[in-house]
């Protein structure tokens, strides 16, 4: 069998992919049922959230329960840029304005990841979890009290820019970034910290720097997701960023398998579709969801993929059947 | 044994709460030496290791490496200065492969940054290839290269201990601290380990300080021995002299050792 | 000055409630290192049990005797104790052998289950505890008023905490509980039936939460399925504040939480009342994560 895609230089693959994505968005997307489109877009946003949280919780072994806070920071920063600075750029630069907004969102979220990471990453285990949970809530309450960001009524009039193209471009970039990061010296440092922080430090890994780094990167992508989210709904309210949202992302990561990027992707898609699929039994939906969660934790705590990635699994199956 | 000491502890003490774990410990290591650190359980041997590697900070006293004070510096910085170690209870990275365990030891040598790694520049590929090659070389010294892809914790215990030493060597240290390297090994494995340590010492130009309870091992391989008891140094010298030292004998008789057959 | 004292009185009253709930968190964490996210919802169930006790059995009605009152508490406390034990046996025990993150997520699952189960069973609309005791203010000093409700809360929570201390320090079971919280393996090697102690701990913690719920129901009559969230979170912060794992810590933490909250609501802004809990949490975690009375865990290198 041919080596196919892998023999082409990455740049070519990327350009081809982007063009294909753009064409899909331009010509196929309008034909798609809007309900399905909504699921596709929200799935994509959740994939970015899950993969970025996986970097912190799965690959680096830190216990972050405040990811929704970073999403909020990014979402609101991006929205604020679009609403307050966007008009100055005019309609012809609308796309550029959107990209800038997303970058601003990711950037501000990254800074918040740094500011929060430095003090909290001294803590271990449960204390770290509690601290991140607390920070997530504090961010939410702070935003809630800022009238310039909509306050209790929510932030409205965010321009609609998010579409299939941008979301899946972000997904591709996010997944590639994380996959390449993990399969590098820096990724190995993170995994070593996860496995045994003391030993990692003894082997020359500056653990604090890397832990904070994973926080910053994870926060940046969460912020990107937030920016996409805000420009999709055209409206933001802090109710979307409570600790429940943080838990939902954590559940995606655990369900997929902590440390497995493919797992996070699969779980994000599954858990975006599931609430919709259960719409028929609306009253029992949450009860079923929580029961499934409990059963899963008891029966298969390592999640679907464990720490393995889909390509590795496929390779070992192929070898076994050969 | 002339010239400046590579490592010296000067009146090093440390307290944990009300407990004084080490009291005014004084000794030095000279380049190229193979020194043993012995003493009954709880004497403070691993504490000495933890102080030298920066896990603990001494309450008083100085620790000098190449005449520079290192007490209280971060462990990863001390590792960068050329001090490497193994642990009493093997601390490998359990979910990483044998090869990756060693590659983590090369961390400080890597130069390619975040963006080079993400964008997969040619420099990145070159560095990865070079580090991988060197990792295999280290593994082959310990006859572990055949296990490179296996999970570290799937190895038999003796192999794991050897892997830990291989990983420590990836740091290209000048000083290697081995904490009970022969623990849990049968006599045959112990002999092999002694040969490996000697080989490694000359090949990599190392100074070695080791903690061990197996007296045959200690007497067989160490050129000099330092004895601790209840946090204080009670003896120092050539193996034969230390073995006959009444204070040392008394310290060990005060504790029931299972290693009496030596 | 009078206003300040009044706030203190109000704060101490709420502090008692938070302390009772915080005890459940801290005891379970002490023996299992598990943050029982479902604890706040056990509190909620306690409120509903109390509600139905009054409605169906007429327990605790003003016309009733002290005995009827005690029966009301007993009904809710025993009911929640059973609930706590059932949750532990069926869900937490199987997950104990897995990682702590899994246990945490399981606890979140149980919490969701209880909340949504309550919505299904009792309906999402709030119910109102019948006012079995009329609120009567009593003047202590001029300008400072304490209601009989607050007095009830204070006395009841004090009695319960004293009772708990007695159990912990004067009984064999209490000694076993302390042993298990220090070192589970050593305790079991000493012949302590660790499983039974765990069950006992969950039972007591849940019972205390139920007592708190009945007290809250008697004094703040509105109950609804999500009522456990906020008090649960605040009580949890109180437990961390006092040192999670430390029983006297939970009591002190609860008290401080109640007072701090009331003072902030009174003097700064009532909308920041809920945020105070999180601010306190961050401060304590950054300054002294083991809390006011907590002990640090050591890692052997």
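Things worth noting here:
- Computed E for residue B:20/residue A:183 - FRET, C-beta separation, R0 51 angstrom, nearest 0.05: 0.60
- Hydrodynamic radius by Kirkwood, which averages 1/r over all alpha carbon pairs of the range A:20-125, in angstrom: 16.1 Å
- GNM on chain C, alpha-carbon springs under 10 angstrom: the most fluctuating residue among C:236, C:57, C:75 is C:57.
- Semi-axes of the equivalent ellipsoid of the range C:206-301 are 26, 18, 11 Å, computed as sqrt(5λ) over the eigenvalues of the C-alpha gyration tensor in descending order.
- Among A:105, A:150, A:66, the largest mean-square fluctuation in a Gaussian network model of chain A (Cα springs under 10 Å) belongs to A:150.
- Label separation (residue A:282 vs residue C:165): 5.3 nm, computed from points 7 Å beyond Cα along the C-beta direction.
- The range C:1-144: translational diffusion in µm²/s, Stokes-Einstein, Kirkwood Rh over Cα pairs, 37 °C, 0.692 mPa s: 186 µm²/s
- Estimated from helical segments only, the mean residue ellipticity of chain A at 222 nm is -22500 deg cm²/dmol, where each DSSP H run of four or more residues counts as -39500 (n - 2.57).
- Shielding by other protein chains, C:212-222, mean Cβ within 10 Å: 0
- The per residue volume of the convex hull around the alpha-carbon atoms of the protein assembly as shown is 209 Å³.
- In chain C, helical runs assigned H by DSSP with n ≥ 4 each contribute -39500 (n - 2.57); averaged across all residues and rounded to the nearest 500, the mean residue ellipticity at 222 nm is -24000 deg cm²/dmol.
- Volume of the Cα convex hull of the range B:145-187, divided per residue and given in Å³: 93 Å³
- Placing a label point 7 Å from the Cα of residue C:175 along the Cα-to-Cβ direction, the residues of the range C:182-212 whose backbone N falls under 13 Å from that point are C:191-192.
- 10 Å Cβ neighbours from other chains, averaged over peptide B:85-97: 4
- Nearest-ten-degree value, helix C:100-122 long axis tilted from longest Cα axis of chain C: 40 degrees
- Computed log10 I(q)/I(0) for the range A:11-64 at 0.12, 0.19, 0.28 Å⁻¹: -0.46, -0.81, -0.99, from the Debye equation with unit scatterers placed on every C-alpha and solvent omitted.
- For chain B, the 222 nm mean residue ellipticity estimated from helices alone, with every DSSP H stretch of n ≥ 4 adding -39500 (n - 2.57) and the total spread over all residues, rounds to -11500 deg cm²/dmol.
- Ranked by the mean number of other Cβ atoms within 10 Å of their residues, highest first, the peptides A:152-158, B:112-118 fall in the order B:112-118, A:152-158.
- For the peptides B:130-142, C:19-31, residues were scored by their other Cβ atoms within 10 Å and the scores averaged per peptide; the highest-first order is C:19-31, B:130-142.
- Average partner coverage of A:280-293, which counts Cβ from other chains inside 10 Å: 4
- For chain C, radius of gyration divided by Kirkwood radius, i.e. Rg to Rh on alpha-carbons: 0.97
- Taken over the range B:1-85, the percentage of Cα pairs per 10 Å bin, counting from 0 up to the bin with the maximum distance, is 18, 52, 28, 2.
- The share of C-alpha pairs in chain A whose separation exceeds 34 Å stands at 23 percent.
- Highest mean first, the peptides B:50-60, A:214-224, B:231-241 sorted by other C-beta atoms within 10 Å per residue fall in the order A:214-224, B:50-60, B:231-241.
- Distance between the 7 Å Cα→Cβ label points at residue A:319 and residue A:111: 4.8 nm.
- Alpha carbon Rg of the range C:158-254, scaled by the compact-globule rule 2.2 N^0.38 Å: 1.21
- Average projection area in nm² (convex hull over Cα atoms of chain B, one quarter of hull surface): 15.2 nm²
- Computed E for residue A:312/residue A:19 - FRET, C-beta separation, R0 30 angstrom, nearest 0.05: 0.50
- Potential extension, residue B:151-residue B:238 segment - 0.36 nm per residue separation minus Cα distance: 27.2 nm
- Remark: the residue C:222-residue C:190 segment gains 6.8 nm on full extension, using 0.36 nm per residue and subtracting the alpha carbon distance.
- Förster radius 41 Å - calculated FRET efficiency between residue C:286 and residue C:128 (Cβ-Cβ, nearest 0.05): 0.50
Here, each number is a calculation from the coordinates, and none is a lab measurement. This is a predicted model, so every value here is computed, not measured. FYI the Cβ positions are ideal-geometry reconstructions off the backbone, even for glycines, and counts take in every protein chain you see.
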